[in-house]
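Working notes, structure below.
Read-outs throughout are calculated quantities, based only on the coordinates presented, and are distinct from any laboratory measurement. All of these numbers come straight from a predicted model, not from anything done at the bench. Because the Cβ atoms are built from the backbone with ideal geometry, glycine has one as well, and the counts that use them run over all protein chains shown.
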Amino acid sequence: MKPGETMSGDEMVRLCKEHSMWTWAKGDDVNPLPVVRAEGIWLYGPNGERWMDFNSQLMSVNIGHGHPRVIDAIKRQLDTLIYTYPGTATPVRARVSKKLADLLPAHINTVFFTLGGAEANENAIKAARLYTGRFKILSRYRSYHGGTNATMQLTGDPRRWPSEPGSPGFIRVMDPNPYDYSFGDSDAEKVANNLRYLEEVIMYEGPQNIAAMFIETVTGTNGILPPPAGYLQGLRALLSKYGILLVCDEVMAGFGRTGKLFAFQHGDAPGAPFAPDIVTMAKGLTSSYVPLGCMAVSDAIAKHFKENVFWGGLTYNSHPIGLAAAEAAIDALIDEGMVENAARLQPVMTAHMERMKQKHPSVKAYRNIGLFGMMDLQKDAAGTPAAPYNGGSPAMGALGKFFRDNGMFTFVRWGSFMCNPPLCITEDELAQAFDIIDRGLAITDAAMS
């Protein structure tokens, strides 16, 4: 079959399953959507099917699909310079480097471009170790930082298990919001108790041995968990006390998703902007139109690597096409008020979620920050999750099928489902999504014991 020839959905799926491997799945079990085009918040199949993209694909198409501003920028770049090796200076690299320096906190003015978020985190591990001369890295159990060798060990969720034993030197700690218990009822209790526990772990591991702590500023796939009030400031102070770098992984939470350009800005205090040492980003950086990631480092770290070799780099770092997409995607996000739209629709989404909880006994809990949300379901009045940790259930499988059959794409994971639409979504479209959710929750209600 030649490019441009019409292909049925069944043929697309058959050939892809026959000749492709699939992420995080058995090839025989996948049932992929046959998608031929996408526009705004919608995905389209070969036979006129339409699905609302209520997860922005991998929480990444922040500006929506097919934005002409980004497409035009990519086309212009194709006409001038498609590729040069990472050791060259290019106009688009200069512009995007300066743009990010202007958007990040005042003490962060230097960036290192990669192809994605995992690679950005891999380089942040290298930078932290080379800069501090220390080896150990802290991260949290309710985290995901990438699927490469080192980032799999940085990750806390069960996807790391098949990769073990992995690279040494990674220490995982509990989040302020663990899965099965709490550090306290109030935010103040959670923060105080978690940081006291974290300081004890630091003592056991030897602060002189710990290079950095990585956090998803807002935990992503493992719960969509905004940090308790005061946590970011308290964590910053604790790590600074021991000379441990703080790396904020903004791959999923950044670029407007939480109602601020960067999620760590929720940690700003009056007259004291929140100050991570390293920020990693991808996904919304280009709205996933073209692969690109980025590590941004503080001026102190940048100075070190002006005087010392940074031992990192791959063939496609600072790729001109990815940078052109990033430049246009950032401009579209900011100029069209999508960050503000995410903030404006935060209480609207919260109200829809509360309505679902009041109506449906299978809804256990919900939360969202900006347009970054999740709903947790239960299978009985005692609050037992609708599916176990790292597992599924017939009811959750049926709910996922209902969403797809009724024109909505989102992720159903364990006993929860995601609510992460593109930031260009309207209030009416958000209501359409929750109408589908409303009807689908009858399935999990009926499954309650």
### Query
So how strong a dipole does segment 69-335 carry about its Cα centre when Lys and Arg Cβ are +1 and Asp and Glu Cβ are -1, to the nearest 20 debye?
520 debye
### Nearby aspartates and glutamates by direct alpha-carbon distance to Lys379 (threshold 20 angstrom, same-chain neighbours under 8 apart not counted)
Asp180, Glu354, Asp438, Asp445
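Using the 2.2 N^0.38 Å rule of thumb for compact globular proteins, work out how segment 69-335 stacks up: its C-alpha Rg over that value, please.
Relative to the rule-of-thumb radius for its length, segment 69-335 sits at 0.99.
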## Note on the structure
Taking placed amide H atoms and a strict 5 Å upper bound, the residues 5 or more places from Leu245 or on another chain that come that close are Ala212, Met213
### Message
Once you place label points 7 Å from the Cα toward the Cβ at Trp161 and Met203, how far apart are they in nm?
### Response
3.3 nm
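Report the far tail of the P(r) of segment 308-441, meaning the percent of Cα-Cα pairs longer than 28 Å.
Value for segment 308-441 (Cα pairs over 28 Å): 34 percent.
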### Summary
Scaled by the rule-of-thumb 2.2 N^0.38 Å, the alpha carbon Rg for segment 7-67 gives a ratio of 1.21
### Taking Ile369, Ile334 and counting other C-beta atoms within 10 Å, the order from fewest to most
Ile334, Ile369
### Positive-end residue, the chain charge dipole about Cα centroid, Cβ charges, pick of Pro422, Met281, Val348
Met281
### Query
Counting DSSP beta bridges in the chain, what percent are antiparallel, to the nearest 5?
65 percent
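Taking the beta-carbon count within 10 Å as an exposure proxy, list Thr444, Thr114 from fewest neighbours to most.
Fewest-to-most ranking of Thr444, Thr114: Thr444, Thr114.
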### Message
Just to compare against my own numbers: the Cα pair-distance distribution for the chain, 10 Å bins, whole % per bin, please.
### Response
4, 20, 31, 28, 14, 3, 0
### Summary
Inter-part gap, Cα centre of segment 386-449 to Cα centre of segment 278-292, in whole angstrom, is 26 Å
### Message
For the pairs Lys98/Lys190; Lys17/Lys364; Lys98/Lys126, flag any whose C-alpha to C-alpha distance is greater than 32 Å.
### Response
Lys98/Lys190; Lys17/Lys364
### Query
Residues with amide H under 5 Å of Asp53's amide H, sequence separation 5 or more or different chain, H placed in the peptide plane at 1.01 Å from N; which?
Trp42, Leu43, Phe409
### Message
Starting from the Kirkwood Rh over alpha-carbon pairs, what translational D in µm² s⁻¹ does segment 273-337 have by Stokes-Einstein at 10 °C and 1.306 mPa s?
### Response
117 µm²/s
### Query
lysines near Lys260 by alpha-carbon distance under 18 Å, same-chain residues fewer than 8 away left out - which ones?
Lys99, Lys283
### Query
From the Cα gyration tensor of segment 147-278, with a ≥ b ≥ c the square roots of its eigenvalues, which class applies: rounded if a/c is under 1.5, or else prolate if a/b is larger than b/c, or else oblate?
rounded
### Summary
Between Asp79 and His304, the FRET efficiency computed from the C-beta separation at R0 = 51 Å comes out, to the nearest 0.05, as 0.85
### Message
For a quick check: sort Asp428, Asp175, Asp249 by the number of other beta carbons within 10 angstrom, fewest at the front.
### Response
Asp428, Asp175, Asp249
### Task
Choose one of Asn177, Gly45, Met213: the residue whose Cα lies farthest towards the positive end of the charge dipole of the chain (beta-carbon charges +1 Lys, Arg; -1 Asp, Glu; about the Cα centre).
Met213
### Summary
If amide H atoms are modeled at 1.01 Å from N in the peptide plane, then the residues at a separation of 5 or more from Asn317, or on another chain, having amide H under 5 Å from its own are none
### Query
What's the percent breakdown of Cα-Cα distances in segment 1-126 across 10 Å bins, shortest bin first?
9, 24, 34, 23, 9, 0
#### Entry: Value of [θ]222 nm, deg cm²/dmol, for the chain, DSSP H segments ≥ 4, -39500 (n - 2.57) each, nearest 500
-12000 deg cm²/dmol
### Message
In whole Hz and in residue order, list the ³J(HN,Hα) couplings for segment 233-249 that follow from phi through the Karplus curve 6.51 cos²θ - 1.76 cosθ + 1.60, θ = phi - 60°; x for Gly and Pro.
### Response
5, x, 5, 4, 5, 5, 5, 4, 4, 10, x, 9, 6, 10, 10, 9, 7
#### Entry: Cα centroid of segment 308-379 to Cα centroid of segment 87-119, whole Å
21 Å
### Task
Would you kindly give the portion of the calculated P(r) for segment 61-150 that falls above 14 Å, as a percent of all Cα pairs?
78 percent
## Note on the structure
Whole-Hz Karplus couplings 3J(HN,Hα) for segment 361-369, θ = phi - 60° and coefficients 6.51, -1.76, 1.60, Gly and Pro as x, run x, 7, 7, 8, 7, 7, 6, 7, 9
